[in-house]
Structure formats: C-alpha cells, structure tokens
Amino acid sequence: MADAERIPGFNTLAIHAGAKPDPTTGARATPIYQTTSFVFDDVDHAASLFGLQAFGNIYTRIGNPTNAVLEERVAALEGGTAGLAVASGHAAQVVVMQTLLMPGDEFVASKKLYGGSINQFNHAFKSFGWQVVWADPDDISSFEKAITPKTKAIFIESIANPGGVITDIEAVSKIARKAGVPLIVDNTLATPYLCKPFNYGADIIVHSLTKFLGGHGNSIGGMIVDGGTFNWSREGRYPMLSEPRPEYSGIVLHETFGNFAFAIACRVLGLRDLGPALSPFNAFLILTGIETLPLRMQRHSDNALAVAEWLSKRPEVAWVSYAGLPGDKYNALAKKYTPKGSGAVMTVGLKGGYDAGVKLVSNVQLFSHLANIGDTRSLIIHPASTTHKQLSDAQKVQAGAGPDVVRLSIGLEDKEDIIADLEQGLTAK
Amino acid sequence: MNRDGYPDSYIRGILNTVKTIAMVGISPKDNRPSYFAFKYLLERGYHMVPVNPGQAGKEILGQKVYATLADIPEPVDMVDIFRASQFVMPVVQEALALKPKPQVIWMQLGIRNDEAAALAEAAGIKVVMDRCPKIEYGRLSSEISWMGINSRTLSSKRAQNFGGGFQRMGLGINNKREP
C-alpha cells in the first residue's frame with residue numbers, strides 16, 4: 001500500500017492511518033503505551049532527541065506512541081500535515097493561541113460558538129493578554145471590519161454548537177488570507193467525515209475529540225491539526241515559528257520543519273511548557289471510536305434529520321434549527337460544506353419557553369440530560385440553565401441558547417425510539 | 001517527473017540506492033537544519049561528505065569538509081543542496097562536471113530551481129526539490145509518525161527497526177539487523 005500511488009478512501013484511513021503493527025511486538029491493535037518515559041538508546045540519542053535532531057519518544061507530556069497514532073489518524077482524515085493530541089478541546093485552543101499570540105495581540109472569532117469557547121475567549125484568555133474581537137458569521141463583512149494590525153488569527157466553528165449555524169468557511173478564509181493571518185476552524189461538530197475545512201482555506205483545525213471522534217462519551221481529549229498551508233516566516237509576525245528559539249539553542253522551527261512546523265511548535269513549545277498532555281488510555285479509546293466514525297456520523301446525521309423533520313411539525317415546537325432541514329436558513333451552506341449530512345446536534349425552540357424546556361429535560365426517559373454532545377446515546381440539555389448560563393441574556397440569544405431553547409444530540413438508537421421518547425416528553429403532564 | 005508531487009516509490013528508490021551523499025552548504029552550527037539532516041543521515045548509515053568552502057579542511061561530525069564537489073576524492077551518488085534557490089544552478093553545473101556523475105540531485109525543503117532541475121534531468125540524473133531527505137527517510141521508515149506527522153503511508157506490515165537501539169527505524173538497506 002505504501003508504494004501504491006493511490007490515495008486511500010476515508011473509511012480506510014479511519015481504520016488504518018497511523019496504525020501499522022507495533023514494531024516491537026507485532027501487536028495489531030494499537031498498544032496502550034501507559035508509561036511516563038522512554039529509555040534512550042544511548043547518550044547521544046538522548047541529546048539528539050532533546051535537541052529536536054531525532055524523531056522519537058522522551059516523555060509522555062511531549063509525546064507518546066499511542067497518542068502519536070491518534071495524531072496521525074486525525075491529521076490523515078483532515079488532510080493535514082500533522083496532528084497534536086492534547087487533554088481537551090479547550091487545551092487545544094489554549095495551545096494554538098499561545099503559539100500564535102503574544103500579550104497585547106488580538107484574534108477575531110465568530111460570536112456563534114460553543115458557550116465554553118465564548119467563556120474561555122472572553123475571560124481566561126484575557127489573563128494571557130489575548131483580546132478576542134467578535135464577528136458575526138451571518139455577516140461575513142464583520143470579520144473584515146474586525147481585523148486590526150494586532151490581529152493574529154481568525155477562529156470559527158464549521159458547524160456551530162449549539163445553534164445549527166454553518167459558517168461560510170471559504171468566505172472567511174479569503175478575509176484571513178487578505179489579512180495575512182491563519183484561519184482556525186473548530187471542526188468538532190462536523191468531523192472530517194462531514195466537512196473538510198482544509199479544502200476551503202482553513203490553515204489550522206482544532207477538535208474536541210471528546211465528541212464524535214471518540215464518539216462513545218468515555219474520554220475527554222483535544223486535537224490540533226496543521227494544514228501545512230500557512231507561511232509563518234513571511235512577515236515575522238509569528239516569532240514562535242520564525243525566530244530562533246532560546247528554548248532549543250536557537251532553532252528556527254519553520255525552516256527546520258517546513259509544512260508541519262506549526263504542529264511541532266505546538267508540541268515542543270506549547271504542550272511541553274503548558275502541560276495539557278492526553279492520557280494514552282484516552283487516546284486508545286478515542287482511536288477505537290474513530291475506526292467507526294464514518295458509520296456513526298452517517299447514522300447520527302440520518303437520525304437527526306428524521307428527528308428534526310418530526311419536531312418541526314409538532315404543535316409544542318416554535319422552531320427547529322438544523323441546517324439539514326430544507327428551508328433552514330443554513331441549508332444552502334449545509335449543501336456546500338456538509339453534503340453527506342448536517343450532524344447530530346440541533347436546537348429546538350419550545351412555545352412554552354423556559355418552563356417547557358425544564359419539563360422536557362425532566363420527562364425524557366431515553367435521552368440523557370447532561371452537558372455533552374456526540375455520544376452513541378441521545379443527549380438533551382437546556383443551555384440557558386447550564387452550558388451557556390455564564391453568558392449575558394443577549395449573548396445567550398446571540399449564541400442560539402435563549403431561555404426557550406433545548407439542545408439535542410441525536411444518538412445511534414432506532415430513530416422510532418428517539419422520536420417516541422421526545423413525544424412522551426413533550427406531551428407528559 | 002512531476003516536480004510538485006513525487007511518488008513514495010521514487011523517493012524510497014533513491015534513499016535505498018544512494019550510499020555516498022555530498023551535502024553542499026552544510027552549516028557547522030548544531031542548531032541549523034543542514035546539521036540536523038547531515039547528522040541524521042550519517043546515523044542511518046549513509047557515507048556523508050560535507051561541502052562548504054568556509055569550512056574546508058575542518059571536520060563536521062568527524063567528516064572532512066571539502067570546498068567544492070570537485071575536491072571530493074571519491075564518487076558521489078547524491079548531491080544534497082542546502083543553498084537558496086538562486087544559487088542552485090552553479091552547484092548543479094558543478095555536479096554535472098563530476099566523473100562519474102551523481103545519480104541524484106536533491107534540493108532541500110523550500111528550495112526549488114526548475115531550470116537547474118531540467119538541466120540535471122536532461123543528463124539522466126534524478127531530481128528531487130523542496131524536500132528534506134531526513135524528513136522523507138523518517139516518513140517512509142514510519143519513525144516520523146512518533147511526532148504525529150501524517151506519513152501518508154498505510155501498511156499492515158510492521159515498520160523495521162534500524163538496529164542499535166529501540167527508537168531508530170530503517171528503510172532496509174543500511175539496517176544494522178533485520179527485525
């Protein structure tokens with residue numbers, strides 16, 4: 001296969017990318033290298049590893065062979081040059097921004113994002129001196145207006161959580177290119193099965209592996225994927241990549257590592273020094289999940305479309321926000337960016353408002369009331385009282401999480417059972 | 001040869017054939033990419049010959065440095081060029097004047113000179129541009145996968161240990177022992 005000049009398909013990559021048989025034992029499944037550290041071959045080898053002159057393993061905070069399979073797997077599925085696994089999706093965002101921004105710098109972000117990201121950008125990032133400037137994905141020109149000489153990146157979600165918003169990646173990427181900054185796309189809700197942001201001009205992709213890539217609700221994890229497309233050295237605006245690094249005796253990462261320098265910088269400057277390493281056991285569970293990603297994502301999307309269609313006809317329901325629904329505001333973008341389906345997550349506006357939302361989450365029997373998405377199980381939450389509680393009322397509505405809104409993550413159960421549970425939940429006294 | 005995308009078989013064929021590699025433009029500084037690549041290829045069993053007029057007569061990693069390709073007193077299989085694209089043509093012309101001619105001209109990551117490539121190819125020499133032999137070796141041996149790099153290879157066969165330790169993978173030809 002290595003020498004055959006054909007490009008493997010997505011299903012094949014989901015199973016095989018990064019996972020050759022173990023070189024020492026021949027183990028076919030990827031072993032869990034549950035170890036903190038790795039023995040050096042000799043003193044010179046140790047020095048070479050620490051100096052980034054050799055490829056190899058030192059310490060699991062910097063890299064681990066189980067995690068490396070996961071990194072290559074996701075990089076291959078996204079069509080990127082390299083990946084870096086970290087402890088969570090939030091950790092991925094911290095490491096990416098720490099590699100790109102200096103104190104006093106700015107980045108532009110879509111204001112329709114996962115509530116946890118809005119909080120992280122508004123509050124935690126302020127203490128690093130990184131200033132978020134919000135833009136509106138429904139008005140692409142707002143991204144261009146938000147650019148200043150201090151802007152170092154643009155951040156969007158491909159499918160936004162929880163509103164069912166699809167961002168016009170290609171249009172935003174043109175603004176990023178013009179401004180000379182990388183476009184970062186959080187591809188968590190779509191996964192590369194539904195959407196390939198690198199094909200539309202993204203430079204960096206981040207994931208919460210916790211969601212559909214792992215897919216079974218058992219492991220927290222995050223991923224950074226380097227698209228290999230951005231010229232970090234052009235204007236010297238990204239000194240972590242373009243300047244000699246005192247941490248590594250003056251190495252310049254971009255000239256040394258070429259089109260995967262960003263992933264290396266995130267590893268050897270970000271992960272090494274900030275410390276949010278992923279457990280190899282989590283990496284193993286997530287890898288096992290990814291093997292069935294194409295099957296699961298298609299079922300998630302097919303079930304979700306059936307549920308969205310059913311809900312949109314219910315008298316208790318004011319509106320359904322799901323990009324896969326014909327007539328949805330984002331349906332045209334969905335046809336372009338997620339033609340195989342629009343994912344599992346939708347929001348539903350209940351005519352009965354806040355109380356109806358509380359009633360529904362209390363009455364469901366099959367749906368689990370919890371703060372996650374992307375499980376095999378169907379999940380439900382009332383964002384206004386949970387994930388988006390810290391936002392102001394205006395921010396809640398902007399983020400698609402007003403008081404009447406319930407978020408659903410449709411699982412892999414029989415769709416008839418999912419619909420029956422919603423029906424009894426909506427009609428229960 | 002399509003100069004934008006080399007098949008793995010082409011790169012593997014080169015790395016499995018050449019034995020003596022002259023590296024033009026190598027730096028004696030241990031934080032420079034050329035030094036990294038030189039050291040890595042030396043450790044993988046290639047006979048490495050440093051070429052740098054400013055360092056002629058000195059040694060880099062125990063190997064005697066020559067001022068020019070013509071000064072090297074033995075045949076060279078591959079010339080690996082660590083010079084900016086605009087300085088590549090004279091190096092290629094110098095390589096073509098060697099007797100015997102090298103089999104391969106390799107221009108490093110970020111270096112591309114299509115005119116020089118065409119000249120070499122017309123003389124029957126294989127050309128690679130904008131690639132690093134260290135990265136390509138690590139990619140095809142699967143060693144680079146430890147760094148989360150997309151090796152763009154799939155296999156149900158295990159990678160081969162180079163020998164001399166656990167963390168060195170090989171392509172086969174120079175391996176110290178078969179796994």
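So is B:V76 of a type in the set (V, I, T) and either closer than 22 Å to B:G164 by Cα or not in a loop (DSSP other than H, G, I, E, B) (or both) or not?
no
Could you please give the count of residues in region A:362-378 that are free of Cβ contacts under 8 Å to residues at least 60 places away in the same chain and surrounded by fewer than 22 Cβ atoms within 10 Å (Cβ to Cβ)?
6
Do the conditions hold for A:F230, that is, is it among the hydrophobic types (A, V, I, L, M, F, W, C) and surrounded by fewer than 20 Cβ atoms within 10 Å (Cβ to Cβ)?
For A:F230, the condition - among the hydrophobic types (A, V, I, L, M, F, W, C) and surrounded by fewer than 20 Cβ atoms within 10 Å (Cβ to Cβ) - is not met.
Collect the residues in region A:47-82 that are more than 29 Å from B:S34 (Cβ to Cβ) and in contact with a strand residue (DSSP E or B) (Cβ under 6 Å, 6 or more places away or on another chain), keeping them in residue-number order.
Those that are more than 29 Å from B:S34 (Cβ to Cβ) and in contact with a strand residue (DSSP E or B) (Cβ under 6 Å, 6 or more places away or on another chain): A:N67, A:L70, A:V74, A:E78.
Can you list the strands (runs of 3 or more DSSP E) lying wholly within region A:314-429 that have 3 or more residues being out of contact with any Lys or Arg (no Cβ under 6 Å at 6 or more places or on another chain)?
A:317-321, A:345-350, A:405-409
Residue-by-condition table, conditions (1) modelled with pLDDT of 90 or more; (2) part of a loop (DSSP other than H, G, I, E, B):
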{"residue": "A:A4", "(1), (2)": "no, yes"}
{"residue": "A:T12", "(1), (2)": "yes, no"}
{"residue": "A:K20", "(1), (2)": "yes, yes"}
{"residue": "A:T25", "(1), (2)": "yes, yes"}
{"residue": "A:A29", "(1), (2)": "yes, yes"}
{"residue": "A:Y33", "(1), (2)": "yes, yes"}
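If you scan region B:30-56, which residues turn out to be at pLDDT below 95 and more than 14 Å from chain A (Cβ to nearest Cβ)?
The one that is at pLDDT below 95 and more than 14 Å from chain A (Cβ to nearest Cβ): B:G45.
In region A:404-429, which residues are under 16 Å from A:G353 (Cβ atoms) and under 26 Å from the mean Cα position of the chain (by Cα)?
Residues satisfying the conditions are A:V405, A:V406, A:R407.
Can you find even one residue in region A:88-100 that is closer than 21 Å to A:G228 by Cα, within 10 Å of another protein chain (Cβ to nearest Cβ) and either within 15 Å of the chain's Cα centre (by Cα) or in a loop (DSSP other than H, G, I, E, B) (or both)?
For region A:88-100, residues closer than 21 Å to A:G228 by Cα, within 10 Å of another protein chain (Cβ to nearest Cβ) and either within 15 Å of the chain's Cα centre (by Cα) or in a loop (DSSP other than H, G, I, E, B) (or both): absent.
Tell me, which residue of region A:244-271 that is surrounded by fewer than 19 Cβ atoms within 10 Å (Cβ to Cβ) and within 8 Å of chain B (Cβ to nearest Cβ) is nearest to the chain's Cα centre (by Cα)?
A:E255
The rows are residues; the columns are (1) within 7 Å of another protein chain (Cβ to nearest Cβ); (2) of a type outside the set (A, V, I, L, M).
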{"site": "A:A27", "(1), (2)": "no, no"}
{"site": "A:P31", "(1), (2)": "no, yes"}
{"site": "A:Q53", "(1), (2)": "yes, yes"}
{"site": "A:R61", "(1), (2)": "no, yes"}
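Would you please name the residue that is farthest from the other protein chains (Cβ to nearest Cβ), looking only at residues in region B:10-29 that are small (G, A, S) and farther than 14 Å from B:V127 by Cα?
Across region B:10-29, the extreme among qualifying residues is B:A22.
Scan region A:23-39 residue by residue and report those that are surrounded by 14 or more Cβ atoms within 10 Å (Cβ to Cβ) and within 28 Å of the chain's Cα centre (by Cα).
Of everything in region A:23-39, those that are surrounded by 14 or more Cβ atoms within 10 Å (Cβ to Cβ) and within 28 Å of the chain's Cα centre (by Cα) turn out to be A:T30, A:P31, A:I32, A:Y33, A:T35.
When you scan region A:40-51, do you find a residue that is crowded, with 21+ Cβ neighbours inside 10 Å, assigned to a loop (DSSP other than H, G, I, E, B) and at the interface with another protein chain (Cβ under 7 Å from one of its Cβ atoms), even just one?
The answer is no, given that none of the residues of region A:40-51 is crowded, with 21+ Cβ neighbours inside 10 Å, assigned to a loop (DSSP other than H, G, I, E, B) and at the interface with another protein chain (Cβ under 7 Å from one of its Cβ atoms).
Cβ-Cβ below 8 Å, separation at least six or inter-chain, first residue in region A:62-85 and in a loop (DSSP other than H, G, I, E, B), second surrounded by 24 or more Cβ atoms within 10 Å (Cβ to Cβ) and acidic (D, E): which pairs?
A:G80/A:D226; A:T81/A:D226
The values are calculated or read from the model by the stated rules, or taken from the named source; none is laboratory data. Predicted, not measured: the structure shown is a model, and the values here were computed from it. So basically every Cβ, Gly included, is an ideal-geometry build from the backbone, and we count neighbours across all protein chains shown.
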